[in-house]
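In what follows, a structure is listed as structure tokens, so that the remarks can point back to it.
Readers should treat all values here as calculations from the given coordinates under stated rules, not as data from a laboratory. This is a predicted model, so every value here is computed, not measured. Backbone-built Cβ (ideal geometry, glycine too); neighbour counts: all protein chains shown.
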Amino acid sequence: MSINLIRPKPSSGGGLDVSDPASDLVSDPASGPISGLVDRGPVDHGPGHRIVGLLTTTDHKVIGNLYLVTSFLFFMLGGLLALGIRAELAAPGLQIVDNPEQFNQLFTMHGTIMLLLFATPLFAGFANAIVPLQIGAPDVSFPRVNALAYWFYLFGGLVVISGFLTPGGAAAFGWFAYAPLSTGAYSPGLGGDLWVFGLALTGFGTILGGVNFITTIVTMRAPGMTMFRMPLFTWTVLVTSVMVIVVFPVLAAALFGLGADRRFGAHIFDVEAGGAMLWQHLFWFFGHPEVYIIALPFFGIVSEVVPAFSRKPLFGYKTMVGSTVAIMALSMAVWAHHMYATGQVLLPFFAIMSMLIAVPTGVKFFNWIGTMWRGSLTLSTPMIWSIGFIVTFLFGGMTGVLLASPALDFHVTDTYFIVAHFHYTVFGTVVFAMFSGFYFWWPKLTGRMLDERLGKIHFWMLFIGFHTTFLVQHLLGMQGMARRYADYLPEEGFALGNQISSVGAFLLGASTLPFLYNVWKTWRTAPLVEVDDPWGYGGGLEWATSCPPPRHNFTSLPRIRSERPAFDLHHPT
């Protein structure tokens, strides 16, 4: 068996010239030092061998798929908990769960799972699967660290949800664990301890992943891939990873302090010593950048999808990069807008900074619309998911500007207005862009195309279900319905809004079924993709290799002359 290796040639574009097959070096892998890197072709192993392969893999594509599958399973678990919440609130006096303490466990674990066990590792899944392909790298910089990060995440997540198996149940103090409620004196039991130390373990995995992505992007780009030729998704992963290594250690320190309080009586977060405010500052210094940690990579996905289906280059590439960096910087300076009601923060400063962060986000909207303007739009499934993201996130952004004003925030803080805003920004970003990325990159990851008709049914069910669920919650919040209450009185006037919201929630939950059927059907019956770019207008280097890619991603690399090397390769001018 032989392998073709790339012989670099000098070129004006700075890339590798592989256009002349005669220039390739042919080598017998058994006789050279490269034998360990050779893809020896498919071998039919039994299920046991495949399981061992998954447990020991260091292939970034396999690890990326493990992240994506695991995070999606957590997404479905978090969704089931959300349906329990909405069932409990569908009518006044309705008792679906046994007692209010179990309701507290539902919303605590729902928020924890969705933010820290679904959305954050989902970013790592897409980054693992796509970034090395986009920069022309054979793998990530530290493959074994990459695998270790995944296992930290998986076992940390299992530790967190194992609280449901303990006698006192899972953590019940809310997903941001305000002290002193989250201390051992007010929330005793193993469930809270498992929550603290499980999240610390997943946080270590996230930090390791962030270091790995930064190193990979900085040191392993292909020849010709300058920083301003990187795809926008890779840029957003780089900026997000910088945020991860800044703020996740703060969360880890806070969690260890809380764990020491709970298990060893350390008195770090005692109220008498200002511990309640200390926890809020530590948590929200992590918590608000975390919102952008789970948003920026999905902005990057949309920035890949929109140009491909508009048949145009991305409008304002450098301003998109600049706005991404600006969002990172500003997100570090707005954490205390979560703390207006404490009366212990400088309101004018945090109000102004919170309003300013809408400016770089508005630049992104302008550029996405500018990309579509006068483009040759194709409303394929990835594109309609991206348009759904733009519409939904715009609603969340507008309510965010309102909430930046302390005068309004005092009125609606801790009401369902906040719940609605938060879901419009987080769900509107992560879930819509996630499915856009799934449908867009599915052929690249698996070699098969998802069904378009089922994808559009999936989109409309989720889009209608989501807006039915959360749009009405703005009104409930303005009427005074507090978040996290297990029940309400008929005379309070919240029944109709909650009934509408609960119906929408179950439609939203049901929308996952056509997607799961689509995955099963594609796996069973879809033909293999025979071309590198089944969409025809992909720009990144991932569309310059096979579907799925070989073990080390590329057999040859095109010259990289712009931020769209695959488009340049397939559509030479």
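Here are some notes:
- The chain: angle of helix 120-134 to the longest principal axis, Cα-based, in degrees nearest 10: 10 degrees
- The stretch 442-511 versus the stretch 215-234: alpha-carbon centroid distance in Å: 38 Å
- In the chain, the longest principal axis of the Cα atoms and the axis of helix 47-56 are about 80 degrees apart.
- Relative packing of peptides 217-227, 46-56 - highest average C-beta neighbours within 10 Å first: 217-227, 46-56
- Amide H contacts for Thr415 (H built 1.01 Å from N in the peptide plane; partners 5 or more residues away or on another chain; cut-off under 5 Å): Arg483.
- Highest average first, the peptides 201-212, 367-378 ordered by how many other beta carbon atoms sit within 10 Å of their residues are 201-212, 367-378.
- For the peptides 255-264, 533-542, 115-124, 519-528, the ranking by packing is 115-124, 533-542, 255-264, 519-528, with the highest mean count of neighbouring Cβ atoms within 10 Å listed first.
- Normalised contact order of the chain, rounded percent, pairs of Cα under 8 Å and 6 or more residues apart: 17 percent
- Fewest-first ranking of Phe315, Phe435, using other Cβ atoms within 10 Å as the exposure measure: Phe315, Phe435
- Site pair Thr512 and Val246 shows an inter-label distance of 3.4 nm when each label is modelled 7 Å from Cα along Cα→Cβ.
- Here is how the number arises for the chain: DSSP H runs of 4 or more residues each give -39500 (n - 2.57), the sum is divided by the residue count, and the result at 222 nm is -20500 deg cm²/dmol.
- Spacing of the modelled spin labels on Val69 and Leu54, each 7 Å from Cα toward Cβ, amounts to 0.3 nm.
- Rounded FRET efficiency, nearest 0.05, which uses the C-beta distance separating Arg311 from Asn99 and R0 of 51 Å: 0.35
- Against the chain, whose longest principal axis is taken from its Cα atoms, helix 60-88 shows a tilt of about 30°.
- Tensor-based shape of the stretch 477-573 (alpha-carbon gyration tensor, a/c under 1.5 rounded, otherwise prolate or oblate): prolate
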